[in-house]
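Input: a single structure, listed below in structure tokens.
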Amino acid sequence: MMYSQSFPAVVKIGSAHAGYGKMRITDHHQMEDFRTCLAMTKGSGDSSSAYCCAEPFIEGDYDLRIQKIGSHYRVFKRTSVSGAWKTNTGSAHLEHLELTPKYKRWADEAAEMFGGLDILTVDAIHESSTGREYILEVNGTSSGLAPDVAAEDNLHIRDLVVEKMNAHFCHGPGAAVPQVLVEGEGQAAEEQVSGPAPGAAEEGAMPAASAPPPATVSSAESF
């Protein structure tokens, strides 16, 4: 493994998430030690452990997550309160932000990958020294949901899945489909699922985005 960029650096082994398999390397001496450890893990156990990448470390004061479920968007600001350099681990202060045109463009551009993504999150970090934002990664359907809005977002996922099944199996979004059992308030209720009525939505209309709820403190590892 060769690394020719600046220090400190961040190295990642395998394809784990939530901070697992990541280390901060301060100089080339530590990098040499890490290389010897990496050589011992290559090819052992899961073949994914042979994967490793390295990049310059960005000192961030908080990170961002832009979530897209169908046409519904959310923006989260996540600030670590545990003091760890990994802002997505330990306990964190979670704040809902307004959807800006820039964040919407990030999510929409990411949604074009791999033939189209209906559910995704874009993770970015805010550099404390310059105020610049760097996109770190894009997550697919493995993205966790924020605990305080998980129930509502699960409903968005349900509606999206029903819409896709309706379009695929029932010859278009306007076709009637059998009744679907939906969990209502207090008891299960049956509702008829069908496509949107003509004129119900105009092309170019603003995407659905909930008003930001109050900030919460939660475990970043579950999100």
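The values are calculated or read from the model by the stated rules, or taken from the named source; none is laboratory data. Note that this is a predicted model, so its numbers are computed, not measured. For neighbour counting, all protein chains shown are included, and Cβ atoms are generated from backbone atoms with ideal geometry for every residue, glycine included. Remember, those area values only see protein heavy atoms, side chains included, never the ligands or the DNA or RNA. Shrake-Rupley method; radii C 1.70, N 1.55, O 1.52, S 1.80 Å.
Here each label is just a point 7 Å from Cα along the line to Cβ, and for Glu137 and Ser91 those points are 2.5 nm apart. With r defined as the distance between the Cβ atoms of Asp27 and Ser4 and R0 fixed at 22 Å, what FRET efficiency is calculated, to the nearest 0.05? It comes to 0.95.
Per residue, segment 1-120 exposes 56 Å² of accessible surface when a 1.4 Å probe is rolled over the protein heavy atoms with every protein chain present.
Rank-order 63-76, 27-40, 145-158 by packing density, defined as the average count of other C-beta atoms within 10 Å over each peptide's residues, highest first.
63-76, 145-158, 27-40
For Val11, the shell of other residues with beta-carbons less than 10 Å away shows a net charge of +3, using +1 for Lys and Arg and -1 for Asp and Glu.
Accessible area per residue (1.4 Å probe, heavy atoms of protein chains only) ranks Leu136, Leu117 as Leu136, Leu117, with the largest value leading. Classify segment 1-131: rounded, prolate or oblate, from the alpha-carbon gyration tensor (a ≥ b ≥ c, eigenvalue square roots; a/c under 1.5 rounded; otherwise prolate if a/b is larger than b/c)? Here segment 1-131 falls in the prolate category.
So which of Lys77/Lys164; Lys68/Lys102; Lys77/Lys102; Lys68/Lys164; Lys12/Lys102 end up more than 21 Å apart, counting from Cα to Cα? Cα-Cα > 21 Å for Lys77/Lys164; Lys12/Lys102; rest within.
Which value results when the Cα radius of gyration for segment 92-175 is divided by 2.2 N^0.38 Å?
On the way: Rg = 15.9 Å, N = 84, 2.2 N^0.38 = 11.8 Å.
Taking the Cα Rg and dividing by 2.2 N^0.38 Å, one obtains 1.34.
Determine the sum of side-chain charges near Thr100: Lys and Arg each +1, Asp and Glu each -1, restricted to other residues whose C-beta is under 15 angstrom from that of Thr100. Before the final figure, lay out each step's value.
Working: positive: Arg65, Lys68, Arg74, Lys77, Lys102, Lys104, Arg105; negative: Glu95, Glu98, Asp108, Glu109, Glu133.
Summing Lys/Arg as +1 and Asp/Glu as -1 gives +2.
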